[in-house]
Protein chains: 2
Amino acid sequence: MDQVEIFKALSNKSRLEILNWLKNPELHFQAEHRNDAGVCVGIIQEKSGLTQSTISEYLTILKRAGLIEATRVGQWTFYKRNEEAFAALSKLIGSEI
Amino acid sequence: MDQVEIFKALSNKSRLEILNWLKNPELHFQAEHRNDAGVCVGIIQEKSGLTQSTISEYLTILKRAGLIEATRVGQWTFYKRNEEAFAALSKLIGSEI
DNA sequence: AAGGTATATCGGAAAATCCCGATATCCCAA
DNA sequence: TTGGGATATCGGGATTTTCCGATATACCTT
């Protein structure tokens with residue numbers, strides 16, 4: 001758990017927004033674009049207004065930080081939050097840092 | 001409470017180290033360099049190995065993010081943690097973000 | 001008032017981040 | 001096996017961050 005990497009991943013308005021969307025996918029994405037594995041890249045990109053390459057990069061940054069997980073299904077990659085990582089981070093800030 | 005500003009402030013190894021020192025000043029600094037208002041800049045600088053200007057800037061960054069507080073006493077500025085900010089951040093990550 | 005000490009601010013070179021367009025890869029369907 | 005759609009990676013210009021040395025400001029002492 002690289003603390004600096006995690007905080008860098010969180011140091012961006014767009015990435016925080018994505019994490020917020022992924023917290024309650026049913027509030028932000030139509031049913032056909034989500035499943036148990038999360039939400040596909042394209043629909044996140046569409047909602048964000050940023051380019052496909054930027055969103056793909058941002059999702060990779062969040063994934064490397066351990067904050068989200070990816071599942072490939074056919075041509076789609078679905079991303080969802082790793083809630084355990086957030087719980088651990090919350091605990092870390094409340095005690096260690 | 002600007003979330004991005006807070007996470008940016010935390011996105012640096014040296015600043016995390018400073019926050020860690022300030023969490024238990026009695027473990028990291030001699031009694032003559034600390035008081036109820038915190039720890040003075042010079043002793044943090046000495047311990048960090050970074051330059052005076054860099055440490056002053058880093059403390060300002062942490063202060064602007066609301067993570068630490070400054071108290072001027074004579075020619076010294078003492079800095080201490082704002083534990084409420086950390087508690088709020090922990091809570092935020094555990095529920096909102 | 002003058003000199004010394006502690007801290008803050010300024011100016012800048014190097015490195016990192018932001019976000020893009022172009023291109024590559026992967027996978028499915030025909 | 002070829003074409004098309006979804007995602008990942010590459011290369012790069014603009015901006016921000018990192019950390020420094022030099023300088024300014026604040027305060028204390030004499």
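Observations on the model:
- Residue that is most open to solvent (accessible area, probe 1.4 Å), among those in the range A:61-84 that are within 14 Å of chain B (Cβ to nearest Cβ) and free of Cβ contacts under 8 Å to residues at least 24 places away in the same chain: A:Glu84
- Within the range A:86-95, considering residues that are free of Cβ contacts under 8 Å to residues at least 24 places away in the same chain and either at the interface with chain B (Cβ under 8 Å from one of its Cβ atoms) or within 12 Å of the chain's Cα centre (by Cα) (or both), the one nearest to A:Trp21 (Cα to Cα): A:Phe86
- Given (1) at the interface with chain A (Cβ under 9 Å from one of its Cβ atoms); (2) β-branched (Val, Ile, Thr); (3) open to solvent by 70 Å² or more (accessible area, probe 1.4 Å), index of the condition B:Thr51 fails: (1)
- Close pairs (9 angstrom Cβ cut-off, 6 or more residues apart or separate chains): polar (S, T, N, Q) in the range B:27-46, assigned to a helix (DSSP H, G or I) anywhere: B:Gln30/B:Ile43; B:Gln45/B:Gln52; B:Gln45/B:Thr54; B:Gln45/B:Ile55; B:Gln45/B:Ser56
- Hits in the range B:70-85 - residues which are farther than 21 Å from B:Asn20 by Cβ and either in contact with a Gly (Cβ under 7 Å, 6 or more places away or on another chain) or of a type in the set (D, E, K, R) (or both): B:Arg72
The values are calculated or read from the model by the stated rules, or taken from the named source; none is laboratory data. It should be emphasised that the depicted structure is a prediction, and the values quoted were computed from it without experimental measurement. Cβ atoms come from the backbone with ideal geometry, glycine included; neighbour counts cover every protein chain shown. For accessibility, only protein heavy atoms count, side chains too; no ligands or nucleic acids. Shrake-Rupley method; radii C 1.70, N 1.55, O 1.52, S 1.80 Å.
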